[in-house]
Amino acid sequence: MVPRLSTTQDKFMHKVIFDTDPGIDDAMALLFLHKHPQIDLMGVTTVFGNAPIELTTRNALYLGEAWNIPAPVARGAGETFDPSRGGSYWPTTIHGENGIGDVAVPDVISRTADARPAYQFIIDMVRAHPGEITLIAVGRMTNLALVLKHDPDVAALVKDVIIMGGAFDMNGNVSPAAEANIHGDPEAADFVFTAPWRVTVVGLDVTMQTVMTSGFLADMVAAGPDEVKLLSDISQLYIEFYKQRVGDGMVVHDSCACVYLVRPDLFETRSGPIRVVCGGIADGQTIQKPDGRGFPPGHWDGHPSQLITTAVKSDGVLSVIRAALVEGKAA
Ligand code: BDR
Ligand code: CA
């Protein structure tokens with residue numbers, strides 16, 4: 001019998017479910033996960049955030065079709081974990097009215113979403129591949145919180161959880177205290193961070209330093225496959241928004257979390273339990289108690305230590321993105 005060549009390779013393959021609210025930087029992260037040769041994208045689950053759930057799900061289906069991504073899409077939550085929290089606004093000045101930079105999207109998309117809600121899709125996939133799947137969540141934490149609520153034992157079967165969200169040693173981006181993904185559903189995030197699974201939180205502390213200039217993106221379009229042209233079209237509105245904040249270019253928040261999966265060596269981390277402020281003027285603030293620091297008894301006690309990223313080699317992250325998007329290679 002001819003040996004399966006992929007046996008050795010399998011050891012280096014990362015099985016991923018991508019939980020996302022596309023979303024312009026989400027779109028880049030999705031293409032990265034699809035193109036990276038060491039990533040097996042097993043599914044895409046959607047959540048409300050950058051746009052209502054109808055639009056983020058439509059966008060995930062559209063991008064999947066446009067980029068020939070075989071992974072199924074399952075529609076997730078359209079309201080906060082605690083529905084009584086209520087009230088959402090859509091960041092249309094950043095992501096556009098349609099969530100993906102107001103590029104024209106066909107009226108009819110031939111793909112349809114999986115029949116299961118996102119949390120059930122995640123539960124089923126993780127139970128079918130125990131200990132193998134990494135969840136990368138780059139929107140609100142609502143779907144992950146629903147997984148824990150409906151099937152708490154699944155936490156032990158997830159390989160890793162990587163999250164884009166939070167702001168630890170700096171201000172947030174929707175309030176001085178809070179980052180958008182956490183602020184959008186603080187109760188869900190607190191539930192996810194304190195659950196018995198391994199979480200790494202890639203927050204604004206590193207993502208705000210990771211800026212892809214418009215020239216870098218244009219160069220990828222010139223050198224790369226057609227897929228990158230659509231990504232560039234989608235990204236122009238976002239680049240316009242970020243002009244006031246970073247001068248030129250786009251902050252690649254969600255791709256940073258995906259690059260962490262394959263190149264954790266590009267990041268520095270700090271370990272300790274994380275809590276989220278739920279309510280009041282600091283609603284959505286993420287606070288870590290670093291391991292080894294002594295405090296009187298308090299709200300961080302008895303919760304698992306999780307990792308946050310504190311520093312990044314941003315040029316390295318950009319090179320890893322470029323290699324995957326342009327050449328389909330690992331770097
Ligand atoms: C996060 O919020 C969303 O707007 C982005 O897609 C990213 O996930 C950054 O705060
Ligand atoms: Ca996002």
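Bear in mind that the values in this text are calculations on the coordinates, not laboratory data. Computed from a predicted model, the values in this text were never measured in an experiment. Note: ideal-geometry Cβ built from the backbone for every residue, glycine included; neighbour counts use all protein chains shown.
Miscellaneous remarks
- Annotation: peptides 100-107, 324-331, ranked by per-residue average of other Cβ atoms within 10 Å with the highest first, follow the order 324-331, 100-107.
- Shape category assigned to region 79-188 from the gyration tensor of Cα positions, a/c cut at 1.5: oblate
- Highest-MSF residue in the chain out of H150, H36, H14 [GNM, Cα springs under 10 Å]: H150
- Of all DSSP bridge pairs formed entirely within region 14-327, close to 30 percent run antiparallel.
- Furthest towards positive pole of dipole, L217, H95, I239, structure part the chain, Cβ charges: L217
- Highest mean packing first, where packing is the average number of other Cβ atoms within 10 Å per residue, the peptides 77-87, 288-298 line up as 77-87, 288-298.
- Here is how the number arises for the chain: DSSP H runs of 4 or more residues each give -39500 (n - 2.57), the sum is divided by the residue count, and the result at 222 nm is -10500 deg cm²/dmol.
- Peptides ranked, highest mean first, by Cβ atoms within 10 Å: ranges 197-203, 267-273: 197-203, 267-273
- Restraint check, K35/K159; K15/K329; K15/K289; K159/K229, Cα-Cα greater than 24 Å: K15/K289; K159/K229
- Charge dipole magnitude, Cβ of K and R +1, D and E -1 - the chain, Cα centre, debye nearest 20: 660
- Dipole check for region 207-282: with +1 at the C-beta of Lys and Arg, -1 at the C-beta of Asp and Glu, and the Cα centre as origin, the magnitude is about 400 Debye.
- Three-way shape call for region 14-327 based on the alpha-carbon gyration tensor, with the a/c threshold at 1.5: rounded
- Overall form of region 157-222 per C-alpha gyration tensor (a/c, 1.5; a/b vs b/c): oblate
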